[in-house]
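Quick note: the coordinates plus some simple rules give every number you see, no bench work behind them. In this text the structure is predicted, and so the values were computed from the model without any measurement. No Cβ is skipped: glycine too gets one built from the backbone with ideal geometry, and neighbour counts run over all protein chains shown.
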Amino acid sequence: MKIYIVGIGMNGIKTLTVEAEKAIENADVLIGAKRMTEPFTMLGKQIFECWKADEICSYLDSSECRTAAILMSGDCGFFSGAEVLVKHLSKYDTEIIAGISTPVYMCSKIRIPWHDMHFVSLHGADANIAANVRRYAKCFFLLGGSVTPADICKRLCEYSSSNVIVHIGARLSYTNERIISGFASELTDLECDCLCAVITENPDPENRIRTGISDSEFERGNVPMTKSEIRAALASKLGICYNDIVWDIGCGTGSVSVECAFAAYDGTVFAVDKNDEAVALTKQNAQKFACDNISVISGSAPDVLSRLPRPDKVFIGGSSGNISSIIDAALKGDNSSKIVITAVSLETLNEAAEAMKAHNMTPEITQISAVRSRFLGSHTMPDPQSPVFIIEGGAK
């Protein structure tokens, strides 16, 4: 049996390639979701309406057809189910036929290149919208879940990005195609068909991962804050990857959460604090720095940690004497998480070291003492800051 996995472009007629058209004409059976197969009912071929890989495989296993065409929206290599299908159909002779993808089509309509665009699928997800827009000059968002174009614009406005240009493509390549462009602030009430894509243009993207951000840039309040020199050292100790899940326990103002969110731009930072003012300040700073990949949790650790996903990296800046139980909750029988703790007292230092030893970790301890300058009359004087211990353990 010969099986073609065919990208049919936007609507299956207007954007169909010659090669795809030939494969469809030669197939004994057409397979795909209703929207994929509907344009080809006039061919009078046998049709199996289905998009689930396992059900398609079961159908083909019992079929006597010689040639089948499985129809996929857009291009088979762009957020497509073709990847899973190929694995399921490994025993068959399969061939993938490329189609015209949504970003290629839409970029041609708004007359911008797409080679330098960052692609994000919001199918079944709604996070990291502002974080991606902050980081990249151009982003393409493929919708398909519950997130609407208006939701994206509202999120951008909420997270200090109202001046971003937004292009919304609805029902692309159909007769009722709509493309609307404007600033995010102008499109928050737009009602649009669910079959949409969104392209953003940020005139001033963040071109680096910031560490050791000046203390003065954060909303402060009356909550203690990890100072910039310590945050810069923590970034090195934590070694956060772009898609990490990070816990910030005792988040305070959220200054560490923000810097972790910059590093884990395709991940999520869970900022936990029992202090209501700290929770409010962390939310304010997350919005100020366009970090919608920070999820702020109000409550005491470890009580609220059981509902969080297992972390890759954990920073404990405040524990109320619960360091050992917090590490318990983070590891969950798996010592693959990296744990970093700060302490300003010898008692907390000892508690952190002993807790790590109890979890079969070898604590590595560093003391940092920063000295800043201050002006006294015509002289510049050293102004020593309180020394801080950094204790790290776990995965490298």
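Go through 27-37, 363-373, 255-265 and give me the packing order, highest mean Cβ count within 10 Å leading.
The densest-packed peptide leads the list: 255-265, 27-37, 363-373.
Taking just the alpha-carbon atoms of the stretch 2-100, what radius of gyration and Dmax come out, in angstrom?
11.8, 33
Over the stretch 224-296, consider all pairs of different Cα atoms and compute the Kirkwood hydrodynamic radius from their mean reciprocal separation; express it in Å, one decimal.
Taking the inverse mean of 1/r over all distinct Cα pairs, the stretch 224-296 comes out at 11.8 Å.
Using amide H atoms built in the peptide plane, which far-off residues or other-chain residues are under 5 Å from I47 H to H?
Sorted by chain and number, the residues that satisfy this are L30.
Want the number for S62 to S181: 0.36 nm per residue separation, take away the alpha-carbon distance, what's left?
Gain on extension, S62 to S181, equals 37.9 nm.
Hey, what did the stretch 14-153 get for relative contact order, percent, Cα under 8 Å, at least 6 apart?
It rounds to 20 percent for the stretch 14-153.
Can you give me the relative contact order of the chain as a percent, contacts being Cα pairs under 8 Å and 6 or more apart?
Here the relative contact order equals 11 percent.
Using 0.36 nm per residue, how much length does the chain from Y242 to D383 gain when fully extended, once their Cα-Cα distance is taken away?
Length difference between fully extended and current span is 47.2 nm.
Enter the mean projected area of the convex hull around the alpha-carbon atoms of the stretch 170-268, in nm², rounded to one decimal.
Result: 9.4 nm².
Work out the charge dipole of the chain with +1 on the Cβ of Lys and Arg and -1 on the Cβ of Asp and Glu about the Cα centre, then indicate which of L71, Q367, V86 is farthest towards its positive end.
The Cα lying farthest towards the positive end belongs to Q367.
Quick one: if the Förster radius is 45 Å, what FRET efficiency do A370 and S160 give, using the C-beta to C-beta distance and rounding to 0.05?
Efficiency for this residue pair is about 0.95.
Against the longest alpha carbon principal axis of the chain, how many degrees, from 0 to 90 and to the nearest 10, is the axis of helix 149-158 turned?
Taking the Cα atoms of the chain, the angle to 149-158 is about 10 degrees.
Does anyone have the angle between helix 346-358 and the longest principal axis of the chain? Alpha-carbon axes, 0 to 90°, nearest 10?
The angle comes out near 40 degrees.
What residue among N163, N202, N350 shows peak mean-square fluctuation when the chain is described by a Gaussian network model with Cα springs under 10 Å?
N350
When the convex hull of the Cα atoms of the stretch 103-201 is projected onto a plane and the area is averaged over all directions, what value comes out in nm²?
That works out to 5.5 nm².
Please pull out the direction-averaged projected area of the stretch 282-396, using the convex hull of its alpha-carbon atoms, in nm² to one decimal place.
9.7
Give the whole-number value, in cubic angstrom per residue, of the convex hull volume spanned by the C-alpha atoms of the chain.
Each residue corresponds to 173 Å³ of Cα convex hull volume.
Which trypsin sites (Lys or Arg not before Pro) from the stretch 109-192 combine a DSSP loop assignment with at most 11 other Cβ atoms within 10 Å?
For trypsin sites (Lys or Arg not before Pro) across the stretch 109-192 that sit outside H, G, I, E and B with at most 11 neighbouring Cβ atoms in 10 Å, the list reads R111.
Just give me a number: lysine pairs in the stretch 2-100, eight or more positions apart or cross-chain, with C-alpha atoms less than 15 Å apart.
Count of close lysine pairs: 7.
Using a Gaussian network model of the chain with C-alpha springs under 10 Å, which one of L346, L331, L187 is most mobile by mean-square fluctuation?
L346
Please give me the summed charge of the neighbours of V223: other residues whose Cβ is under 14 Å from its Cβ, Lys and Arg +1, Asp and Glu -1.
With Lys, Arg at +1 and Asp, Glu at -1, the net is -2.
May I ask for the angle, rounded to the nearest 10°, between helix 276-288 and the longest principal axis of the chain, with both axes built from Cα atoms and the value confined to 0 to 90°?
50
Run down the lysines and flag those whose C-alpha is under 24 Å from the C-alpha of K274, throwing out any fewer than 8 positions away in its chain.
K227, K283, K288, K313, K332, K338
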